[in-house]
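Any read-out appearing in this document is the output of simple, stated calculations on the displayed coordinates, not a laboratory observation. Source: prediction; values computed, not measured. Counting neighbours? That spans all protein chains shown, and the Cβs are built from the backbone with ideal geometry, glycine included.
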Amino acid sequence: MNLHKASLFRLFLSFFPRHAHTVLHTLRRSTARGRDNTHRLRNPNATDRGLNMGKYDEVYHRSITDKEGFWGDAARQIDWIKPADKVLDDSNPPIYRWFRGGVLNTCYNAVDRHVENGRADQTAIIYDSPVTNTKRQVTYRELLDQVSRFAGVLAANGVTKGDRVILYMPMIPESLVAMLACARLGAIHSVVFGGFAANELATRINDCTPRVIVTASCGIEPNRVIAYKPMVDEAIDLSTHKPEGVIVFQRPQATATLDRPGDRDWMEEMAKAEPHACVPVEATDPLYILYTSGTTGQPKGVMRDNGGHAVALKWSMQAIYDVNPGEVFWSASDVGWVVGHSYIVYAPLLQGATTIVFEGKPVGTPDASTFWRIISEYKVVSFFTAPTAFRAIRRDDPEGEFIRKYDLSSLRTLFLAGERADPATIQWAEEHLKVPVIDNWWQTETGWAIAANCRGIELLPVKFGSPTRAAPGWDVQVLDEDGHPMEAGKIGSLVCKLPLPPGTLVSLWNAEKRYVDSYLTDFPGYYKTGDAGFLDDDHYVYVMTRTDDIINVAGHRLSTGAMEEVLANHPAVAECAVIGIADELKGQMPLGFVVLKAGITTSPEVIEKECAALVREQIGPVAAYKQTVVVQRLPKTRSGKILRGTMQKIADNEEYKMPATIDDPGILPEIQEALEDIGLATRRQG
Ligand code: COA
Ligand code: AMP
């Protein structure tokens, strides 16, 4: 390691101190691999398909220098009612729009055209639910029947093009049916993850003002059945906007009482529904809104349009994920997250592939063999999940014994995303699965990978800790605070030069100014990802940390600001701060610090329990908020800014410098002691 690399390495370890040994080992290995290219694995199928072997550089170069030609060609894979007048409308920077003037229907491209083109009897959806002991397959023909009839149900309930429909659904095929039915009508769906509480649902109801909500009677976690309908009712009671109807898919595990005006039973509605044809929509019309955490309690409604989304996702299915029509692709995520939208629903179906809807967990349903059973049973060729799922499996099956019991010969690639893929996890997966393990970096906003090893174009050497290079269409750069480019190896803000490729966010729902302020203002001419990292000499991207207060818990993006807003409402709390601390399994876990109001005599144990209950009730179990520390004071700068970063470093045993602007340095030892009391901050500095 030369001096430059050594300082980089130190910086790296300051982010991930617990992985020091493994990281050192894997960095050495990956450097060696990068040099001699021995790790360059070839995809035998690529040549058969005439795909561009050894062509990443060429494809990438064209995607940046001839954007319109590149995406114009990709657009030919989509059936248009009317082709675009202009591939890229760049007349109004920094707002760019793809395929202006084009008219299409996303649902037609994902369903109808496969039925028309000989895939009617192919399985479109495999539903595998170990939590209910259910397996079911839906062909493209059956999917078309269900989607067109459910579109009829929505239309009969007053939903027309441009209306919003909120879906609060578990992992069942009907969730996909409802999403596609919205797309069929040109209605805009907004799926809310089932782990969010009524209050979060209410915030989204108020923001996107849906005409109708579609839900199921319950969701199923391994340890409990969660009744959804009472949660939806509570959310509607809390919100100022009142949807006209709630359509409920009844599940036998807990049926819902449908006793409110506007309540409808999915099955009864379907029985009397007329199938609805696809409604032509503009390429630039919104397809969906997906809310994601911002730095405050008000989530950001990321908007995706129809044309760019269909083009980019269809293209990515082969170029990045190496999946052909008719093959089985599995993304073990949830339809409530962006990975679920893109790679459980839209991309595989646009490609005419088979997608798997999995209702279960990587471990405990029933054990750490579930993933391997599914891959072998359905002959999955490409599998996509979050590193945290692999950490859970590895914890339960460190020697990979379950893996050896299954025939996984169909599997060509494992893709990981949603959080930083730690080298130890990648290495373990690679060793036991014996296929390339590809980390890809993306965000709810981007809709697909910003950086990835494009399996279907050319498999580049893997460097552990890096999601490889920018995907075609993405001009990734690293800038310092003043917007100057940083040299290779230096950490700065990861930004993407505008225009972004198709399929990325086009705005925030009802908040164009927030969109411009959040993403396009700090670095004019660039999209600010909110991630910090660096590019190495080979242009490999390294994503190291967020530059804001967003944390990533088990691959789920959460706002510490939103949690602080909840804690601040506890009657005994004077002030508070929430940070994300390192966690072996989930990557990060939230930890709250609270200062109590004068005169409060309630015991800290009771306060801690109440805080955990409050966050669970207000945000939901997905926040995984369990730990609170009661402290006398919070460390702040002289201007009153809470030193969250310093507290996080103390909790994680990282080196930290006494901030020059600290108001009272004496508070840091108090924080250290409070953390020691709960088993953190075991290493004192200095
Ligand atoms: N509905 C209701 N509750 C939900 C839920 C849902 N859809 N999803 C999660 N929850 C609950 C869990 O039951 C848990 O509740 P608990 O506190 O009562 O135990 C809580 O939310 C936290 O969930 P999670 O952080 O997922 O922890 P877990 O212990 O249940 O599972 C993993 C841990 C690692 C197995 C799991 O997080 C996982 O599989 N992660 C992969 C993530 C992923 O696919 N992300 C998408 C990006 S690619
Ligand atoms: P989400 O919007 O929920 O998909 O979360 C996006 C954030 O997750 C990114 O901004 C990153 O901070 C993190 N993330 C996602 N994928 C990766 C990855 N492959 N490597 C590092 N961080 C990632």
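Some points to look at:
- Of Lys135/Lys361; Lys361/Lys586; Lys314/Lys361; Lys300/Lys528; Lys314/Lys528, pairs whose Cα-Cα distance is over 18 Å: Lys314/Lys361; Lys314/Lys528
- Derived scalar couplings ³J(HN,Hα) [segment 186-192; Karplus, 6.51 cos²θ - 1.76 cosθ + 1.60; whole Hz; x for Gly, Pro]: x, 7, 9, 8, 9, 8, 10
- Residues Ile671, Ile226, arranged from fewest to most other Cβ atoms within 10 angstrom of their Cβ, appear as Ile226, Ile671.
- Relative contact order computed over the chain (Cα-Cα under 8 Å; 6+ residues apart), in percent: 13
- Farthest toward positive dipole pole in the chain [+1 Lys/Arg, -1 Asp/Glu at C-beta], among Val553, Cys496, Gly620: Cys496
- Flagged links, alpha-carbon separation over 18 Å, of Lys434/Lys463; Lys55/Lys434; Lys67/Lys497: Lys55/Lys434
- Packing-based exposure ordering (other Cβ within 10 Å, fewest first) of Val462, Val595: Val595, Val462
- Cα gyration tensor, segment 138-278 - rounded (a/c under 1.5), prolate or oblate: oblate
- A DSSP coil position with no more than 12 other Cβ atoms inside 10 Å describes the following GluC sites (Glu not before Pro) in segment 561-592: Glu584.
- Selection of GluC sites (Glu not before Pro), segment 319-418, meeting DSSP coil and at most 12 other Cβ within 10 Å: Glu399
- Working note: Karplus 6.51/-1.76/1.60 with θ = phi - 60° gives segment 467-479 the couplings x, 6, 10, 4, 6, x, x, 10, 9, 8, 9, 10, 10 Hz, where Gly and Pro are set to x.
- Fewest-first ranking of Tyr56, Tyr519, using other Cβ atoms within 10 Å as the exposure measure: Tyr56, Tyr519
- Candidates Met171, Leu154, Tyr140 compared by Cα position along the dipole of segment 124-239: farthest toward the positive end lies Tyr140, with charges placed on Cβ.
- Cβ-based charge dipole, the chain, positive-most Cα from Thr388, Asn440, Ala256: Asn440
- From helices alone, the chain scores -9000 deg cm²/dmol at 222 nm; the rule is -39500 (n - 2.57) for each run of n ≥ 4 DSSP H residues, then divide by the residue total.
- Size of charge dipole - segment 633-686 - debye, nearest 20, with Cβ of Lys, Arg +1 and Asp, Glu -1, no other charges: 280
- Reachable lysines from Lys272, criterion Cα separation under 24 angstrom, eight or more residues apart if same chain: Lys161, Lys229
- Relative contact order of segment 554-676, defined on C-alpha pairs under 8 angstrom at six or more residues apart (%): 23
- Dipole magnitude of the chain about its Cα centre (Cβ charges: Lys, Arg +1; Asp, Glu -1), debye to nearest 20: 900
- Lysines whose Cα lies under 21 Å from that of Lys657, excluding same-chain neighbours fewer than 8 positions away: Lys490, Lys636, Lys641, Lys649
- Per DSSP, loop trypsin sites (Lys or Arg not before Pro) in segment 400-446 with at most 15 further Cβ within 10 Å: Lys405, Lys434
- Cα shape, segment 554-676, gyration tensor, a/c 1.5 rule: oblate
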